[in-house]
Every structure is written in structure tokens, then in C-alpha cells.
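Chemist: Below is the structure I would like to discuss, written out as C-alpha cells.
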Amino acid sequence: MILFDRYPEGKKYACTFSYDDGCKQDRRLVELFNKYGMKCTFNMFSAPMMSESGEGIKPHELPTLFAGHEIAAHAHNHPHLERMPLAAQYDQIIKDREILEPHYGKIIRGLAYPFGTYSEDTFTAMKTAGIVYGRTVASNPSTFAPPATDREFLTWAPTTHHNEAALPVKRFLYNVEKAPWRAGGLLYIWGHAYEFDNAASPVHWEEFEDMLRQLAAHKDNIWFATNIEVYDYIKATQSIRTSANGKMLYNPTDTDVWVSNGTEDIKIPAAQSVTVD
Ligand SMILES: [Zn+2]
């Protein structure tokens, strides 16, 4: 029996990060992720990036400094979107795409809600603006189940903020090390890089790097991906077409998919079909 319970390269677990606001500390944070082979989604609101003043991230840094990572929208002025009319919400989101994409060189498809808040209208604004997922600030440390439906992607709750990550990371790594049958787990950590410099924060650069080191030790079984890579992979998995006898599998997407049959992992390359026994 074929099971959709694998990530790329047959890995059973996945891990993603999401950091907000394009603060100057992002420059140090991205180096840390690169050092450990990890991927992050950086959520930028474009209004302050347009001015020459300030130490925050500038648009020209997007394609080089963040190569291999994802840039996502965070709404132009960082407003409470749910307090705005629908058209203004759309304007806030599309402006980020219009301003950032020519520098980034890629299509922006993700959003982190400023303050983590949204309304039903926000979903309409996002859909019109070509945004496929929205990250909230709600923690969901009780399960490592990734989003599956469109609605779940629009209300994507991370596992935890990095300040509370110690216990969830410990539980996640316990699964990775001791419970290989619990396939499909996704660890999702979010925060702001400036918090690592805040004396009052419980987690500073050293503690965070130590956590990355622990996760990196299991890179053979953890897929490190950006938010949009996780989205595209799950959508591709859901798009696999199967013959009536279950032996022929066709992948109509542009993303390679891995499945398992109980004894081995099987790769179904993008736009190809595979026959299994
Ligand atoms: Zn923010």
C-alpha cells in the first residue's frame, strides 16, 4: 500500500522557520541558518524598506543576502488588516509584492499577518493578491501535523515562538530519534530576530544556535524547507493521481514527491508517472 508519508529524499520529518519585520538582525540570523543548512521565510513589510534611513533590510539585499530562503509579504505599513476595508487590505498586500518582487526576482506567495490578526475579508484580499498561505502568531505545540486544507494554510499556526521552543523541540527530536513510525511531523518556529538582542528575552543568539545544532544533527531525517516549499510539497502530494489498482502513480506538478510502500521510499518525479509493485 502506498502512503503519502514522506518528505523529499524520503525524510519523515520537516522543519521550517519564519521571521518577521526585516530588522537588521536578519543579516546575522540568515548566516546562522546558512551555517546549519536550514531554510527560513523572512516576512517583510515594504514601507520602511523604501526609505534610505534606518538599519533594516533594504530591497537590494533580497536576492543575495536571502538566496535560498523565502521572502514573504507582511503588509505594506504593518497595519491591523482586520480593521481595514477589503480594498485597503488588498492594497496593503499587493504593494509588498509590487515593491519587493522586482528586487527579489521571484514571485511572492506567502504572508505573515501583522500582529497575527486577520478577518474573513483578509482571506479574500489575499486570494485576489495571489497569496496562498497566511501565518498567524498562535502556537500549536500539541501536534506536529502540517496544514492540509486551504483554510488551514490561511490560518497556519506555527508550532511555537522561539522563546517557548525548548520543550516542543525536545518532543520533536524525541519523535525523530525514537518514534520513526510517527511520520509526517513538521516543526515550525517563528519570531523576530531583534528579540535575540533583547536582554529581557529568554532565548538569545547562543541558545538559539544550540537549538539549531541539535536539529541539524538529524538532517538525514529532517527536511529543512521554507514555508512555501512546505506548501508546494503538501499540495503536490495531494495532487498525485493513482490508477484504480494502485500501482500507477502520476505526478502532474512541478515538485518531486516521495511516497512509501512499507518497505521502501519511492520518488515520483515532477510531471512523470511511476509504476510500483
Ligand atoms: Zn511584524
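Chemist: Return the pairs, sorted by first residue and then second, in which the second residue is away from the ligand (no atom under 13 Å from the Cβ) and acidic (Asp, Glu), the first residue lies in region 42-57 and is closer than 18 Å to Glu101 by Cα, the beta carbons are less than 8 Å apart, and the residues are 6+ apart or on different chains.
Modeler: Phe42/Glu70
Chemist: Additional query: Of the residues in region 174-202, how many are in contact with a His (Cβ under 9 Å, 6 or more places away or on another chain) and open to solvent by less than 10 Å² (accessible area, probe 1.4 Å)?
Modeler: Result for region 174-202: 3.
Chemist: Consider region 186-223. How many of its residues are under 12 Å from Met38 (Cβ atoms) and part of a strand (DSSP E or B)?
Modeler: The total comes to 4.
Chemist: Now for a separate question. Tally up the residues in region 90-122 that are more than 21 Å from Trp190 (Cα to Cα) and away from the ligand (no atom under 16 Å from the Cβ), please.
Modeler: Number of matching residues: 16.
Chemist: Can you pull out the residues in region 226-256 that are in contact (Cβ under 8 Å) with a residue 40 or more places away in the chain, outside any loop (DSSP other than H, G, I, E, B), in contact with a strand residue (DSSP E or B) (Cβ under 7 Å, 6 or more places away or on another chain) and surrounded by 19 or more Cβ atoms within 10 Å (Cβ to Cβ)?
Modeler: Taking region 226-256 and keeping what is in contact (Cβ under 8 Å) with a residue 40 or more places away in the chain, we get 226-231, 233-234, 237-238, 240, 242, 246, 249, 256.
The next check asks that each one be outside any loop (DSSP other than H, G, I, E, B); those that pass are 227-231, 233-234, 237-238, 242, 249.
Right, trim to in contact with a strand residue (DSSP E or B) (Cβ under 7 Å, 6 or more places away or on another chain) and you get 227-228, 230-231, 237, 242, 249.
Asn227, Ile228, Val230, Tyr231, Thr237, Leu249, listed by residue number.
Chemist: Out of everything in region 1-44 that is part of a helix (DSSP H, G or I) and within 16 Å of the ligand (Cβ to nearest atom), what residue ends up being surrounded by the fewest Cβ atoms within 10 Å (Cβ to Cβ)?
Modeler: Leu29
Chemist: Something else now. Would you check if there is a residue in region 87-103 being under 24 Å from Trp223 (Cα atoms) and out of contact with any helix residue (DSSP H, G or I) (no Cβ under 7 Å at 6 or more places or on another chain)?
Modeler: So the first thing to find is which residues in region 87-103 are under 24 Å from Trp223 (Cα atoms), and the list is none.
Looking through region 87-103, none of the residues is under 24 Å from Trp223 (Cα atoms) and out of contact with any helix residue (DSSP H, G or I) (no Cβ under 7 Å at 6 or more places or on another chain).
Yes/no matrix, rows are residues, columns are (1) within 15 Å of the ligand (Cβ to nearest atom); (2) open to solvent by 50 Å² or more (accessible area, probe 1.4 Å):
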residue	(1), (2)
Gly68	no, no
Ala73	yes, no
Asn77	yes, yes
Ala87	no, yes
Val137	yes, yes
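Chemist: Of all the residues that make up region 257-277, how many are assigned to a loop (DSSP other than H, G, I, E, B), in contact (Cβ under 8 Å) with a residue 12 or more places away in the chain and open to solvent by 50 Å² or more (accessible area, probe 1.4 Å)?
Modeler: Going through region 257-277 one residue at a time, the tally reaches 3.
The values are calculated or read from the model by the stated rules, or taken from the named source; none is laboratory data. Every value quoted in this text rests on a predicted model; they were computed, and no experiment measured them. No Cβ is skipped: glycine too gets one built from the backbone with ideal geometry, and neighbour counts run over all protein chains shown. What goes into the accessible areas is simple: the full protein's heavy atoms, side chains included, and nothing from ligands, DNA or RNA. Shrake-Rupley method; radii C 1.70, N 1.55, O 1.52, S 1.80 Å.
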